[in-house]
Every structure is written in C-alpha cells, then in structure tokens.
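Written below as structure tokens is the structure these notes are about.
Just so it is clear, none of the values below were taken in a lab; they were calculated from the coordinates. Only a predicted model underlies this, so the values are computations on that prediction, with no experimental measurement involved. Glycine also receives a Cβ, built like all others from the backbone with ideal geometry; neighbour counts cover every protein chain displayed.
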Amino acid sequence: MSEGRVALITGASRGIGRAIAVELGSKGCRVAINYQNSEAAAEETRRAIQASGGEAIVVRADVSDSGEVKKLFETVNKELGPVEILVNNAGITRDNILMRMTDEEWDVVLRTNLNSVYYCARAAIRSMLKARFGRIVAVSSVSGLVGNAGQVNYAAAKAGILGIVKSIAREAGSRGVTANVIAPGYVETDMTAALAEAAKTAILARIPAGRYGAPEDIAKAAVFLVSDDASYINGQVLAVDGGMTM
Ligand code: NAP
C-alpha cells in the first residue's frame, strides 16, 4: 500500500494530524511530523509511531510562513527523501461574528489555513511530478462547504482549499499525482473542546450518525486517499462528518 513512502503531515503534534501520522506510520510510511509550538506533543506522536515499529522525524515549522515551509521541505528531503505524500492538516480558528471580526483574525486564519496549503503543495509538487507519483490531501472542513456563523475567515480559507486542490488535480493528474480534500464534521480535539455545551448539543442533533467524530475517523479516510488503491480518485471532496452535510 503506502509501505516505505515518505509522508509529511502538517500540524501533527495533536488532534487529527497526530491520528493521520500514527495511522500512516502503522501502514509503513516514513513520517515527517510537523508542528509549530507543541514540541512535547510532537515527540509523543513520534513515540507512538516508533512504538508500532514505524519511522518518524519531528520538524518544527510555521507553515503559514513561506520561508519556513521551504526549510521544512529541505529538512524532510535531507532526512527522509522527497515528500511523496503530503497531508495539509495544520489549522486554527479565530471565530468572531462578521461585524466584530478584526483584520488580524482574518489574516492569521487565511495565512495558516489557506496559504500553508499553497506553500506546501508548491514545495512538494516538483518531485512528485518527477517521480510520477504523489498524493496530496488537504484537510478542509464542513464550514468550507456550507458556511458557519462566526467563521467567515475560517470558512473562506477552508473553501479556498477546494480551489487549490481541484486545480492541482487538473494540473498534475496525468502524472500519477492525485489531490483530494477531506472535509471533517465535528471532531473531538483541542480545537472543538472550547465550544459551549449548548453549541455541542445543537451540533450533535444535526449528525445522523448520532455521535461526534474521532480523529481516527478522519485518519482512516486520509490513509485510503493516499494509498495506491485510490489512484483513480482525484480532485474530490470527501465529507467525513457522520452525514451532517449530505
Ligand atoms: P488542533 O487539535 O487544534 O491541532 C492543530 C494542529 O495544527 C496542531 O498540531 C498545531 O501545532 C498545528 N498548527 C497550527 N498552526 C500551525 C502552524 N502555523 N504551523 C504548523 N502547525 C500548526 O486541531 P484539529 O481539530 O486536530 O484540526 C486539524 C485540522 O482539521 C485543521 O485544519 C482544522 O481546521 C480541521 N478541522 C477540524 C475539525 C474539528 O472538529 N476538530 C473539523 C473540521 C476541520 P501546535 O500543536 O504546535 O500548535
């Protein structure tokens, strides 16, 4: 399947990114774990991969910064080889209603959640085209598909990801490269932990599966999309949301 492939997962210190990294490690990928601030948590991700016999390195980089992304890829290239599987997962929220949203809240969310996908995909694509193999998966959100009150910035970034990914799918599809989007629904991580109980209950009522998502639900979809079995799936948006947005 993905045995021996070099996989870079951005924002893999915690939450969904960690689950994807661990799952890919268990499938035999050689994993680069990117993080920004949570070094100890990133090391924990590495230990989890090594415990199951996998290989992993940890690389700090702020993926909202073009220069840091360049260095991130140089490091991964040197230590593991060219990135064959790229999972753009790093993301943040700075929620606010539109009339109170600040330019800073807009900018940091667009830079972290959208520019990062562009920087990382651009850094990865050359070697993928050369190798005639590549897998790019970007983690969007149901907010990017249907919008969400209080998330004008986040929804814009997450919708923008679809445009990047579909364009890459068209540009690189004939050379063994696929690019797809996963749009998670509500997943229990640090990101959603801060939500008020009433808001969580209201969300749960809209999920046909009758439960919140777990990071592993997203990881299993990512593992499939980057596998050889998914070579004919390109430019797609897969909502992994328990049926919330169908
Ligand atoms: P999380 O638990 O808050 O983890 C976020 C991860 O992103 C952390 O590893 C963090 O690194 C990393 N990160 C943030 N900014 C970064 C930057 N500038 N450079 C590098 N890494 C950065 O979030 P999550 O819930 O797992 O979310 C993961 C992705 O899924 C995000 O794109 C999010 O938008 C998306 N998503 C989540 C949900 C949900 O319900 N949880 C739903 C839909 C979509 P540090 O630990 O070093 O800060």
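Between residue 100 and residue 122, the simple label model (points 7 Å from Cα in the Cβ direction) yields a spacing of 3.5 nm.
Assuming R0 = 22 Å, can you tell me the calculated FRET efficiency for the pair residue 52 and residue 188, based on Cβ-Cβ distance, to the nearest 0.05?
0.45
Does anyone have the angle between helix 66-79 and the longest principal axis of the chain? Alpha-carbon axes, 0 to 90°, nearest 10? Between helix and principal axis, roughly 40 degrees. In the range 57-108, with Lys and Arg counted as +1 and Asp and Glu as -1 at Cβ, which of these residues, 91, 77, 67, has the Cα nearest the positive end of the dipole, that is, farthest along it? The Cα lying farthest towards the positive end belongs to 77. Modelled spin labels at residue 199 and residue 236, positioned 7 Å past Cα toward Cβ, are 3.2 nm from each other. Around residue 157, with a cut-off of 15 angstrom between Cβ atoms, what is the net charge of the other residues, counting Lys and Arg +1 and Asp and Glu -1? Within the 15 Å Cβ shell, the charges total -2. Charge tally around residue 17: other residues with Cβ under 12 Å, Lys/Arg +1 each, Asp/Glu -1 each, net 0.
To the nearest 20 debye, what charge dipole does the range 6-239 have about its Cα centre, counting +1 at the Cβ of each Lys and Arg and -1 at the Cβ of each Asp and Glu?
Details: 26 positive and 24 negative charges, 135 e Å.
With Lys and Arg at +1 and Asp and Glu at -1, about 640 debye.
As a quick test, which of the pairs 166/220; 27/78; 130/166; 130/158 have an alpha carbon distance above 25 angstrom in this structure? Beyond 25 Å: 130/158. Hey, what angle do you get for helix 39-51 against the long axis of the chain, alpha-carbon based, 0 to 90 degrees rounded to 10? Computed tilt is about 60 degrees.
Full extension of the chain segment joining residue 211 with residue 66 gains 48.4 nm, where the gain is 0.36 nm per residue of separation less the Cα-Cα distance.
What is the chain's relative contact order, in percent, from Cα pairs under 8 angstrom and six or more apart in sequence?
Working: 516 pairs, mean separation 48.1, N = 246.
It comes to 20 percent, rounded to a whole number.
A simple count of charges around residue 234, restricted to other residues whose Cβ falls under 13 Å of its Cβ and scoring Lys, Arg +1 and Asp, Glu -1, yields +3.
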